[in-house]
1. Students often get this wrong, so check it: of Lys278/Lys538; Lys225/Lys318; Lys318/Lys559, which have C-alpha atoms separated by over 20 Å?
2. Kindly sort Ile243, Ile471 by accessible area of their heavy atoms, largest first, with the probe set to 1.4 Å.
3. Which semi-axes, in whole Å and largest first, does the equivalent ellipsoid of the range 432-535 have when worked out from the alpha carbon gyration tensor as the square roots of 5 times its eigenvalues?
4. Only four residue types carry charge here, +1 at the Cβ of Lys and Arg and -1 at the Cβ of Asp and Glu. Report the dipole size of the range 161-302 about the Cα centre in Debye, rounded to the nearest 20.
5. Let me have the relative contact order for the range 386-507, percent, based on Cα pairs under 8 Å that are six or more residues apart.
6. For Cα pairs less than 8 Å apart in space and 6+ apart in sequence, what is the mean separation divided by the residue count of the range 236-311, i.e. the relative contact order in percent?
7. Could you run the Karplus curve 6.51 cos²θ - 1.76 cosθ + 1.60 with θ = phi - 60° over the range 262-279 and give me ³J(HN,Hα) per residue in whole Hz, x for Gly and Pro?
8. Determine ³J(HN,Hα), in whole Hz, for all residues of the range 295-300 in sequence, where each value follows from phi through the Karplus function 6.51 cos²θ - 1.76 cosθ + 1.60 and θ = phi - 60°; x replaces Gly and Pro.
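The values are calculated or read from the model by the stated rules, or taken from the named source; none is laboratory data. Computed from a prediction, not measured in an experiment: that's the story for all the values here. Neighbour counts are summed over all protein chains in view; Cβ atoms, including those assigned to glycine, are modelled from backbone coordinates with ideal geometry. All accessible areas refer to the heavy atoms of the entire protein, side chains included, with ligands and DNA or RNA removed. Shrake-Rupley method; radii C 1.70, N 1.55, O 1.52, S 1.80 Å.
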Amino acid sequence: MATFSIATHLCMFQHLRNSKLPLHGLCTVESSPFFGSSSGRTRFTGTIPTLLRHNVLARAEDKARDPTSSSFQLQQSSQSQNLTPESGSCDPLCSLDETSSQEFEESYQPKTDSLKALAILAAAATGAVAINHSWVATNQDLAMALLFVLGYAGIIFEESLAFNKSGVGLLMAVSLWVIRSLGAPSTDIAVSELTHASAEVSEIVFFLLGAMTIVEIVDSHQGFKLVTDSITTRNPRLLLWVIGFVTFFLSSVLDNLTSTIVMVSLLRKLVPPSEYRKILGAVVVIAANAGGAWTPIGDVTTTMLWIHGQISTVQTMKSLFVPSVVSLAVPLALMSLTSEVNGKGQNSPNVLASEQIAPRGQLVFSVGLGALIFVPVFKALTGLPPYMGMLLGLGVLWILTDAIHYGESERQKLKVPQALSRIDTQGILFFLGILLSVSSLEAAGILREIANYLDAHVASSELIASTIGLISAVIDNVPLVAATMGMYDVTSFPQDSEFWQLIAFCAGTGGSMLIIGSAAGVAFMGMEKVDFFWYFRKISGFAFAGYAAGILAYIALHKLNISLPTLAEVPFLSGS
């Protein structure tokens with residue numbers, strides 16, 4: 001899944017902690033009687049360099065630099081800061097991009113400003129054209145296509161333009177619907193289309209909101225330590241496979257980003273900095289994307305397809321489990337033969353044994369994991385949308401954490417209200433903007449025209465799905481899958497057809513071919529400072545081999561009419 005993040009901004013001091021970024025001024029840390037000196041009140045005097053802009057990398061950096069300290073300790077540190085403007089700093093809610101005038105002059109880049117100016121002028125020109133009602137009414141499709149391309153370019157080049165992709169996505173969505181309202185037969189029709197689209201998009205947003213909060217609560221209690229503690233081997237070749245399959249199954253329940261952050265943080269404890277550790281991190285990326293493809297809650301794209309009825313729980317798990325395993329096993333087998341893996345044993349001590357899980361962390365982990373797994377069961381039992389099952393799990397976990405931490409004022413950070421303040425709302429708003437933008441293209445009939453063109457010129461649905469997977473290595477898979485859902489519906493391809501299952505598989509695993517193709521890859525790149533070209537030279541070939549092998553495995557199983565005899569044959573799950 002390209003960019004589904006469960007990350008959050010933490011204290012600026014934690015971004016700089018153990019880093020090479022200089023602090024201009026004086027930094028002092030005051031001890032806290034409960035959390036210790038490393039988690040107390042922090043005060044800055046002077047200025048701070050520009051920090052990482054993205055929530056995903058910020059959270060990943062914190063976990064990677066100091067994985068021994070618990071998440072709730074870091075959150076206490078973040079929340080207990082009391083920084084004043086007089087001291088040249090700010091509270092945790094202030095912008096991380098604030099810099100002094102001196103730093104601005106040092107980092108001033110005329111070329112970047114020129115690109116920004118061109119982007120703004122292009123957007124203004126598009127807006128000026130859109131104001132012309134008669135032109136829009138006559139050329140609605142062209143106007144919407146141009147605006148979507150322009151907006152998506154802003155998303156792709158957000159680093160160069162310094163425009164946050166969430167803001168660009170929201171602006172693009174509103175602008176597209178304005179054009180649709182101008183070009184529709186009547187405003188009432190456009191409003192009806194928008195109401196229908198908003199209802200569908202809201203289901204996904206509520207689902208993600210609940211899932212992200214549950215995972216954040218489990219993470220704050222260090223529940224995932226129960227999973228990572230089971231890894232004790234130091235044999236390089238065996239560790240490669242163990243890391244891969246632990247991540248694979250972890251990602252099938254969590255999202256691929258969270259699984260990547262947890263596992264790469266573990267690698268920082270198990271393996272010293274080396275080429276071998278980078279390869280293990282790349283394995284985590286491939287495994288996280290493969291693991292998220294075969295369950296309806298493992299990736300945003302499969303969740304979208306599941307919520308809208310293109311795939312069902314049981315049939316998807318039966319049909320995609322083997323191809324997903326193949327897409328991981330093939331790269332693992334090929335990597336096992338490389339010189340970086342052979343003969344490089346790691347004999348580092350098991351430092352994980354000294355870490356302590358948060359109070360009642362095991363209970364919270366069990367309930368949180370159970371809540372996630374229960375969502376498909378809830379849908380099958382009640383027939384209600386999946387987000388209702390997710391909200392049910394969140395409600396149960398909310399009451400539980402309130403009960404077990406009642407009267408513990410120093411552990412408020414372990415409760416749901418604080419978790420809600422830490423989840424990646426920026427990412428949710430990005431999904432909202434993208435999905436509303438794509439729905440406007442669907443309402444205007446543009447996606448249907450593209451589908452008709454593909455049907456006329458590309459005979460094989462397998463080829464269409466495979467191509468979408470290849471494109472997802474470059475372009476975010478969320479809009480790709482959303483566009484595909486708008487181009488085709490269940491009347492074109494029925495539920496659980498070969499086409500929809502391949503879309504779920506290809507969009508999920510295709511992002512592994514480039515490090516920028518998925519949220520897991522982006523997080524790994526930030527945590528381990530991996531270069532794009534290193535991943536392309538060392539890993540992309542293995543990832544492509546796994547991707548192609550997985551597709552061939554799916555087609556072979558489908559043609560031979562072979563499926564796993566699963567516990568999925570349970571009667572109450574058969575219709576989920």
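1. Result: Lys225/Lys318 exceed 20 Å.
2. Highest to lowest solvent-accessible surface, that is Ile471, Ile243.
3. Result for the range 432-535: semi-axes of 28, 16, 11 Å.
4. That gives the range 161-302 a dipole magnitude of about 840 debye.
5. 25 percent.
6. Dividing the mean separation by the residue count of the range 236-311 yields 40 percent.
7. Values per residue, Gly and Pro as x: 5, 6, 5, 4, 5, 4, 4, 8, 8, 10, x, x, 5, 4, 5, 5, 4, 5 Hz.
8. With coefficients 6.51, -1.76 and 1.60, one gets 10, x, 10, x, 8, 4 Hz.
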